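The values are calculated or read from the model by the stated rules, or taken from the named source; none is laboratory data. Here the structure is a predicted model, which is why all the values come from computation and not from measurement. For neighbour counting, all protein chains shown are included, and Cβ atoms are generated from backbone atoms with ideal geometry for every residue, glycine included. Note: accessible area is taken over every heavy atom of the protein model, side chains too, but ligands, DNA and RNA are not part of it. Shrake-Rupley method; radii C 1.70, N 1.55, O 1.52, S 1.80 Å.
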Amino acid sequence: MTARRVVPELQAYGQIEPIAVVRVRAVFAGTLSRLDVVPGSVVQAGAALARIGGPRMRALAVAREQVLRSASAREAAAGRTLDIVRRQFQARLATAQQLDAAQAEWAAAGAAARTARARWKELEALRIVRAPASGTVLALRAADGEQVGAGQAVLTLQPATGLWIRASYYGADAAPLHVGMQGTFRPAGGDASFPVRVAAISPALAADGGLRIGLLPAGHAAPPGWRDGQWGRLSLPEPAQRMVMVPTQALILDSGRWWVLLHAPGGDTRQAVVPGPTQGWRTAIVSGLKAGQQVVVTDAFLEYHRGIARDYTPPD
């Protein structure tokens, strides 16, 4: 057998899925209305998705309006008082302390009025449920006309730029993985593959013993076929190695291990091997063989199990 330069590839199945989803929530309690989107709707950042109304919202609006009117009236009264005290101070009918007190009251009233106006505008803005980012509506968590509480989720949104590939590797295949590793992803049913790179590796094994990784497109834009839920085959090449190549038909699987039969002067002997990637009708051997060794190819499986009849012959 001769050794060749082989590029091992770590193969796995992966699925395109959201990196994260956004739960759009109601800031205030009230009645949901004008909910015009459905699952699958594409929305733009800042788009109005629904409104919060009803008696509870009206009561809150009335309370804030009263605070605003009171603060505005106080600001206006403080301004008139300040004008009067200034004229009196110029006519020497008021002291500097009285002028300072009138100015302080006017400043405090102005600050209170600005706060009340800001809270009123905030109420008007937050009673409208808006999309925090461009994306696709995945699910509705409330219905039009339903009573919602403060902080309750109204819908779930998948951001437009939030997709990646999730895959799992097991055993020895997981050891060479590292962030930045590049490979290809071929969607199921598609002829074309596109480049990807490992963006994240889970710090712990999953419940099934696999090591989970996340991959992003190697380019700046998502390629065609980059769709949520799409399955495909993932291939991550390792550094090139020199490996012995043997005909694939020389490999024998027995008791969960791979074997070959070696030609030796005293007869054929069994040799355990670790197969690697295949190239056509040949398979690379990671360990167990050296260049120059000869293996049985023709009827290797039959030769390996030649004595099986003796092993299973019942005693007389």
>> Which one, Leu99, Ile213, Ser41, is farthest towards the positive end of the dipole of the chain when Lys and Arg carry +1 and Asp and Glu -1 on their Cβ?
In response: Leu99
> What's the angle, to the nearest 10 degrees (0 to 90), between helix 55-90's Cα axis and the longest principal axis of the chain?
Replying inline: 50
>> Of Gly183, Thr248, Val137, which is farthest towards the positive pole of the chain's charge dipole, taken about the Cα centre with +1 and -1 on the beta-carbons of Lys, Arg and Asp, Glu respectively?
In response: Val137
> How large is the charge dipole for the chain, taken about the Cα centre, if only the Cβ atoms of Lys, Arg (+1) and Asp, Glu (-1) carry charge, to the nearest 20 debye?
Replying inline: 1700
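Evaluated at 20 °C with a viscosity of 1.002 mPa s, what Stokes-Einstein diffusion coefficient in µm²/s does region 130-261 have when Rh comes from the Kirkwood expression over alpha-carbon pairs?
114
Quick check on packing: order 288-294, 182-188 by the mean number of other C-beta atoms within 10 Å, highest mean leading.
Details: 288-294: 14.3, 182-188: 17.3.
Going by the mean number of other Cβ atoms within 10 Å, highest first, we get 182-188, 288-294.
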> What does the charge add up to near Trp231, with Lys and Arg as +1, Asp and Glu as -1, over the other residues with Cβ less than 13 Å from its Cβ?
Replying inline: +2
>> Taking the solvent-accessible surface of protein heavy atoms with a 1.4 Å probe, what is the per residue accessible area of the chain in Å²?
In response: 59
> Against the longest principal axis of the chain, how steep is helix 96-126, in degrees 0 to 90 to the nearest 10, with axes from Cα atoms?
Replying inline: 40
> At 222 nm, what helix-only mean residue ellipticity would the chain give, in deg cm²/dmol to the nearest 500, using -39500 (n - 2.57) for each DSSP H run of four or more?
Replying inline: -8000 deg cm²/dmol
> Taking all protein chains as present, what is the carbon and sulfur share of the accessible area of region 172-302, in % to the nearest whole number, probe 1.4 Å?
Replying inline: 54
> Which of the peptides 152-158, 231-237, 105-111, 87-93 is most tightly packed, and how do the rest follow, going by the mean number of other Cβ atoms within 10 Å of each residue?
Replying inline: 152-158, 231-237, 105-111, 87-93
>> How large are Rg and Dmax for the chain when calculated on the C-alpha trace, in angstrom?
In response: 37.0, 136
> Remind me, relative contact order of region 130-231 in percent, using alpha carbon pairs under 8 angstrom and six or more residues apart?
Replying inline: 23
> In vacuo Debye scattering of region 1-148, one point per C-alpha: log10 I(q)/I(0) at q = 0.21 Å⁻¹?
Replying inline: -1.20
